[in-house]
Amino acid sequence: MTEFRIGRGHDGPARIGEYIMGTEVYTTPILTGPIFTENPIIPYGTIGRVTSNSLKPCFLAYPFELQIDESEKEGIRETDSILLPSLPSFSALGDGAGALMLKHQMDALDELQTTIEPTRMVIRIPDEIDQEALTSSLTDFHSKGVRAAAFVFDGLLGDQDLNSIVQRKHLPMSWLALALGRITPGTIPLLYYVGFDIIDIGHACEAAAKHQRLWHNGTESIQSGQQYRYCPCASCQTLQDIDSSQLVDALLNHNVNIYVSILSESQNAMASGRLRWLVESTTHNSPAHASALRRIDRNAYSFIEEFTPSTGASNLPLIGPESYNAPAVRRFREYIASRYKPPTYKKIALLLPCSARKPYSDSKSHRRFLETIETSFSSATSQIAQIILTSPLGLVPRELERMFPAASYDIPVTGEWDREETNLAADALITHLNKFASDVVIIAHVSGGYLDIVRTAESRISQSIIYTSVDASPTSWESREALQETLIDLKDILSIKPSRPQELEEIIRSTADFQFGPGAGEVLVPENARLTGKSYRQILCRVDREQICSFVADTGLLSLTLDGARLLAPLNRYWVRLDAPSVKGGSIFAVGVREADVAIRPGDEVIILNDQGEVTAAGRSEMSGREMCELDRGRAVSVRHKLEGD
Amino acid sequence: MDLIYGQIRDAVRHASVRARGESIERRRSKSPTKPSAAWTAPCRIGSSQGTALSIVLSSIGCTHARSEEGGCTMCSYLLDGASRNPTAEEFFLQFQTAMRKLEKVGAPLSIKIYTSGSFLDPDEIPVDSRYQILKTISEDDRIKEVVLESRPEFVTEAVITEVRELLGNRSVELGIGLESSSDFVRSICINKNFNLDSFRESVVVGKRHDIGTRAYVLLKPPFMTERSALLDAQKTVTDAISLGTTTISLNPVNVQRNTLVESLWEKGKYRPPWLWSVVEVLRHAYSVSGGAVNIVCDPVAAGKNRGTHNCGNCDSSIVDSIRTFSLNQDVSVFDDLNCECRELWNHVLEHEDVSLQIHT
Ligand code: SF4
Ligand SMILES: [Zn+2]
Ligand SMILES: [Zn+2]
């Protein structure tokens, strides 16, 4: 029995799983190659040509021109998986040539399936194939039982490689994805990130044959008599005085070590929610890496975003332009634009610079700003909307400063912004301020790059803007004086009346809107809601003594009680519908999910409906909504509250 | 299966027509009275040393290439052709021009007549010219050996009878582009458009008239991995020898202009064969034939990007060995060849099969 099982966890489409070939269980992600070592590598070979001498199950390529006779079939073991026959370069003919290669593989499958289970077959996705032909034949292969596909890479990170990455998104969720061809070690984080489970390291041999040592960010040519880089790996210790007959083997061992260590680094990064960061750091390997990630963010954004968890690392470094469109970042900007709704009682919108320390209100500068606000606007501070400008998130309303990734991102603070990030923030600001009434007064308490954002946006902002920090830093004494005077004046001019603090309501409402979409805040915090707690620890929301939800400052997220889930259910969002009348145990598995909202991302708070459509539990998703529907196994939701009874 | 093969063939056919493109109209107008090329070289004739004259007649070009079939995926002989077909007299003048190169050369002589297609195709070379040319040869006693080139469909009983009658007891060989003994490879990877039976038939017809067959074997058509190509050429050699061919001429693909191969090559989807593969096929051919069949290889553009090549360091010494072997059939010339790139070639053999990524 050959099977691919997907385990728990995501960082982008990257996942962990098990590829089970007979009694051998390979944990994915894993490398594949011609080398037989103690390393966890799935060996491969070609039927009738190079059969692996490994005892372990392997991948066997089926040559196109081969008519397999009985004797050759004996070389194929029950546990081996078969790469179906296709012609190299054929799809480059265009004109549906790629589709023909898929049809041919379907014919081959029909012929072979009397002796080889389709679950053991791997289809080869042609380099060039139109999307419609691909998706329709994937459906056919799926119905025949195929669960794996291989894509080709030429290692140039140009059109072909990009194409393979973009095509990969069409695979059904439950399929195993192989990346074959020339793959350099530095590309492994990226390929893993975009959802490849098995990666070919044949290039280790190619480089060794060319007397090259591979590194995570390039190659080094080894010539006798020349000084070369220090490497701690065992096979490099004797490199100095090795004779040429053993050189290739030594280099090969080194190269394999590099692949193994980079894969391990990637797995580790994925486990700690920092895989995207690792991928971003590889953009400095070469311009090709940098442009590849940019193009992937553009062409496969929705695919990558779909599997990007809604929570993440407690420290998320966002270093350069490669982060501007990272899914967690872009999604934050988009949610602020589409889901955030300012309270109607705001009279002033105060723009502030971000701080290195997160959440902002823990920083020295923001503590001073808050002091200034308090002293000059006491008993009416709730009428000031505080908006923190920052890159690359654009802006963060004070109420949402504990939301991921606002509470955990880390940028190099220089005060200098490039044009792209200035424009991103300016666009965000325009959209944001347009949601406020036109008589709201804007105070821009910012300088330097932050000021440039406001100036860039100025002509498209309808409200009037007062600048309080043009000549000096916003934290300086003069600027704070200016802010204080402005606030005092405005209090007078706008005839501000005292009002009660609204901090807790605002946090819960805006968080609810952010998590569950527009309208959720009003539903969860009705007029008669009672809020208790502290914004920096926990806030509880009760209606008629029943707890509805709680806000946990550490995560910046709301968690729902069953009552809360019931209140939200009519909004028809973030629901998971089961096949059963109730939830048993602490987890819901994908096999038991009938349908789920495709907007669900891993880490989202979700509402569980039973087979009758009644709310039966609330919990946190472990996968995306589409995976819940498509996968036959794996944990879909960790249940937090459920209807007790049977 | 067959349905898909048909569609795959059609796709190749269309792509061949597309690759040929306008080139068919852009052919230079050439002097109809001069051959495309003619050259002499020392050669072995029977057991003695002699001189060979190779003549490439300038014709309108291969019927197959001119037709809607698009021609073979690696062949641009069409480009060498003339834009209008020369008349019978003009063809004969071409032949006479070439023959002048032999005026002061003594016996024994070998004459090889090539066209950009088939010498025996009456649509390409008028029957009258063919007759005149063969007649002229028959009157020259120095000429002991004649090689003619043709696709198998033109090798008919009638034509071969005529050839034998005219050439008397000279040694005659028919050069036929078998390319591959696999119908699949020949039709899909090469778009050759005849099947193995047709070739087999030609060998038989030739044999009946004591005319030998020189089989051209192609190494590495497109859409094949290096290993598939190597194995296919080796099998083709074995098959051709057992069908009774008298000479094996191995042709590693070179990237010719306006061909399907060229369009793939430009996209990084094709690489001409490694010289190591050429050596491997020649060795195999020698061991199969046991010296009974003549094995030759004169690789075009060898060592260049467009031709069979290795790493650049070892290319010329390997090409030299290949040429030497073709002359003396001494397979030991290959024994001492070595280069660091052999390891890389081994990697390519293994990795292309699994990945289907062409290692350019
Ligand atoms: S290889 Fe021969 S048959 Fe094919 S197109 Fe060229 S000349 Fe014609
Ligand atoms: Zn090392
Ligand atoms: Zn070499």
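The values are calculated or read from the model by the stated rules, or taken from the named source; none is laboratory data. Here the structure is a predicted model, which is why all the values come from computation and not from measurement. Quick reminder, even Gly has a Cβ in these numbers, built from the backbone with ideal geometry, and neighbours come from all protein chains shown. These area figures cover heavy atoms from the full protein model, side chains too; ligands, DNA and RNA do not enter into them. Shrake-Rupley method; radii C 1.70, N 1.55, O 1.52, S 1.80 Å.
Taking a spot 7 Å from the Cα of A:Val598 along the direction of its beta carbon, which residues of the range A:124-168 have an amide N less than 12 Å from it? Residues passing the 12 Å test: none.
Above 24 Å lies some portion of the pair distances; for the range A:92-219, what is it as a whole percent of all C-alpha pairs? More than 24 Å apart: 33 percent of the Cα pairs in the range A:92-219. How many Å² of accessible surface get buried when B and A come together, counting both sides, probe radius 1.4 Å, rounded to the nearest 100? Protein heavy atoms only, the B-A interface buries about 3500 Å². The length gained on full extension between A:Thr344 and A:Glu265, counted as 0.36 nm times the residue separation minus their Cα-Cα distance, comes to 23.6 nm. Put simply, the amide H of A:Tyr409, placed in the peptide plane, has neighbours under 5 Å in A:Leu316, leaving out anything fewer than 5 places away on its chain.
Beta bridges per DSSP, both residues in chain A: antiparallel share near 55 percent.
To the nearest µm²/s, what D does Stokes-Einstein give for the protein assembly as shown at 10 °C and 1.306 mPa s, using the Kirkwood radius over alpha carbon pairs as Rh? Before the final figure, lay out the partial values.
On the way: Rh = 33.4 Å.
In µm²/s, the coefficient is 48.
For the range A:405-527, the percent of C-alpha pairs falling in each 5 Å distance bin, counted from 0 to the bin holding the largest distance, reads 2, 9, 13, 16, 20, 20, 14, 6, 1. Computed over neighbours whose Cβ is under 9 Å from that of A:Leu102, the net charge equals +1, Lys and Arg +1, Asp and Glu -1.
Calculate the all-directions average of the projected area of the range A:316-493's alpha-carbon convex hull, and give it in nm². Mind dumping the intermediate values first?
Details: hull surface 36.5 nm².
Reported value for the Cα convex hull: 9.1 nm².
Calculated FRET efficiency, B:Lys135 to B:Asn195, Cβ-Cβ distance, R0 = 45 Å: about 0.85 to the nearest 0.05. Reported value for chain B: 134 Å³ per residue, from the convex hull of its C-alpha atoms. Interface residues of the range A:205-236, defined as those losing at least 10 Å² of solvent-accessible heavy-atom surface relative to the isolated chain (probe radius 1.4 Å), are listed as A:Cys205, A:Glu206, A:Ala209, A:Lys210, A:His211.
Pull up the DSSP beta bridges for the range A:508-642 and report the antiparallel fraction as a percent, rounded to 5. Don't jump to the answer; show the numbers that get you there.
Numbers: 30 of 33 bridges.
Of the beta bridges lying entirely in the range A:508-642, close to 90 percent run antiparallel.
Cross-link partners among lysines for A:Lys491, C-alpha distance below 16 Å, same-chain residues fewer than 8 apart left out? Result set, ordered by chain and number: A:Lys346, A:Lys347.
With both partners inside chain B, how many of the DSSP beta bridges are antiparallel, as a percent to the nearest 5?
Values: 9 of 41 bridges.
Here the antiparallel bridges make up roughly 20 percent for chain B.
Taking the alpha-carbon centroid of each part, what is the distance from the range A:472-491 to the range A:256-303 in angstrom? When both Cα centres are located, 45 Å separates them.
Please say if the range A:2-204 is rounded, prolate or oblate, where rounded means a/c under 1.5 for a ≥ b ≥ c the square roots of the C-alpha gyration tensor eigenvalues, and otherwise the choice is prolate for a/b larger than b/c and oblate otherwise?
Working: a/c = 1.34, a/b = 1.04, b/c = 1.29.
Here the range A:2-204 falls in the rounded category.
Mean separation of Cα pairs under 8 Å and 6 or more residues apart, divided by the residue count, gives the range A:600-646 a relative contact order of 36 percent. Against chain A, whose longest principal axis is taken from its Cα atoms, helix A:159-168 shows a tilt of about 80°. Solvent-accessible surface of the protein assembly as shown, averaged per residue with a 1.4 angstrom probe and all protein chains in place: 40 square angstrom.
With θ taken as phi - 60° and the Karplus curve 6.51 cos²θ - 1.76 cosθ + 1.60 applied, the whole-hertz 3J(HN,Hα) list for the range A:8-22 is 8, x, 8, 8, x, x, 4, 8, 10, x, 10, 9, 9, 10, x Hz, x standing for glycine and proline.
Relative to the longest principal axis of the C-alpha atoms of chain A, give the angle of the C-alpha long axis of helix A:448-458, reported between 0 and 90° and rounded to the nearest 10°. Once rounded, one gets 80 degrees.
With a simple spin-label model that places each label point 7 Å from the Cα along the Cα-to-Cβ direction, the separation between A:Ala580 and A:Gln131 comes to 3.8 nm. With a Förster radius of 51 Å applied to the beta-carbon distance between B:Arg18 and A:Arg229, the computed FRET efficiency rounds to 0.55. Between A:Arg633 and A:Asp418, the contour length at 0.36 nm per residue exceeds the Cα-Cα span by 72.8 nm.
The share of accessible area on the range A:2-204 that comes from carbon and sulfur is 48 percent, using a 1.4 angstrom probe.
Determine the sum of side-chain charges near A:Tyr228: Lys and Arg each +1, Asp and Glu each -1, restricted to other residues whose C-beta is under 12 angstrom from that of A:Tyr228. Each step should come with its number before you reach the end.
Values: positive: A:Arg213, A:Arg229; negative: A:Glu220.
Once all neighbours under 12 Å are counted, the net charge is +1.
Quick one: net charge of A:His366's neighbours, Cβ under 11 Å, K/R +1, D/E -1? Write down the numbers at each step before the final one.
On the way: positive: A:Arg357, A:Lys358, A:Lys364, A:Arg367, A:Arg368, A:Arg398; negative: A:Asp362, A:Glu371, A:Glu401.
Here the count lands on +3.
Report the FRET efficiency, 1/(1 + (r/R0)^6), for A:Ser143 and A:Arg77, where r is their Cβ-Cβ distance and R0 is 25 Å, rounded to 0.05.
0.45
Take every pair of alpha-carbon atoms less than 8 Å apart whose residues are at least six positions apart; their mean separation over the length of the range A:316-493 yields a relative contact order of 27 percent. The C-alpha atoms of chain B define a longest principal axis, and helix B:88-99 lies at about 80 degrees to it.
Among the chymotrypsin sites (Phe, Trp or Tyr not before Pro) in the range A:118-188, none is located in a DSSP loop while being surrounded by at most 13 other Cβ atoms within 10 Å of its own Cβ.
To put it simply, the accessible area of the range B:292-360 at a 1.4 Å probe is 44 percent carbon and sulfur.
Within the same chain, lysines fewer than 8 places from A:Lys584 are excluded, and of the rest, those with a Cα less than 17 Å from its Cα are A:Lys642. Could you work out the relative contact order of the range B:236-315, using alpha carbon pairs under 8 angstrom and six or more residues apart, expressed as a whole percent? In percent, rounded to a whole number, it is 40.
Averaging Cα coordinates gives a centre for the range A:152-222 and one for the range A:97-145; these two points are 22 Å apart. Measuring nothing but protein heavy atoms, the accessible surface of the range A:371-478 at 1.4 Å probe radius is 48 percent carbon and sulfur.
Using the Kirkwood formula on the Cα atoms of the range A:185-328, what hydrodynamic radius do you get, in angstrom to one decimal?
Working: mean 1/r = 0.0602 Å⁻¹.
So the Kirkwood estimate lands at 16.6 Å.
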